[in-house]
Amino acid sequence: MDVNCDGLTDLLASSTTESKLGLLLNRGGGTLAPAQQINLSPNLSGPAQALFVRDVNFDGTADLLVGSNQTPAYLLIANISP
């Protein structure tokens, strides 16, 4: 998923024990920026166990669904980039 809309595929990783994502932005040339941690706990009560990238709202851009084993069972992070 191109998180920052620079045309490069970035790396997202979920945690099996926490409501957090790891994000590594692609710098190009085979290098990644240092990892950033995204805390989802204000919006997702359980661990972020699964990631799914699809155009959920049919606007032509890929969105991110984060799955959990607790309620709410998922969190939609819509891509609002131009």
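The values are calculated or read from the model by the stated rules, or taken from the named source; none is laboratory data. Note that the structure is a prediction, hence the values are computed from the model and not measured. Using ideal geometry, Cβ is built from the backbone for each residue, glycine included, and neighbour counts are taken over all protein chains shown.
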Report, by residue number, each residue of segment 66-82 that is touching a strand residue (DSSP E or B) at 6+ places or on another chain (Cβ under 6 Å) and surrounded by 15 or more Cβ atoms within 10 Å (Cβ to Cβ). Val66, Gly67, Leu75, Ile77, Asn79
Can you tell me which residue is modelled with the highest pLDDT among those in segment 28-73 that are closer than 18 Å to Leu8 by Cβ and polar (S, T, N, Q)? Thr31
Within segment 23-68, which residues are in contact with a Gly (Cβ under 6 Å, 6 or more places away or on another chain) and in a loop (DSSP other than H, G, I, E, B)? Ala35, Gln49, Ser68
Would you tally the residues in segment 10-42 being surrounded by 11 or more Cβ atoms within 10 Å (Cβ to Cβ) and over 12 Å from the mean Cα position of the chain (by Cα)? 7
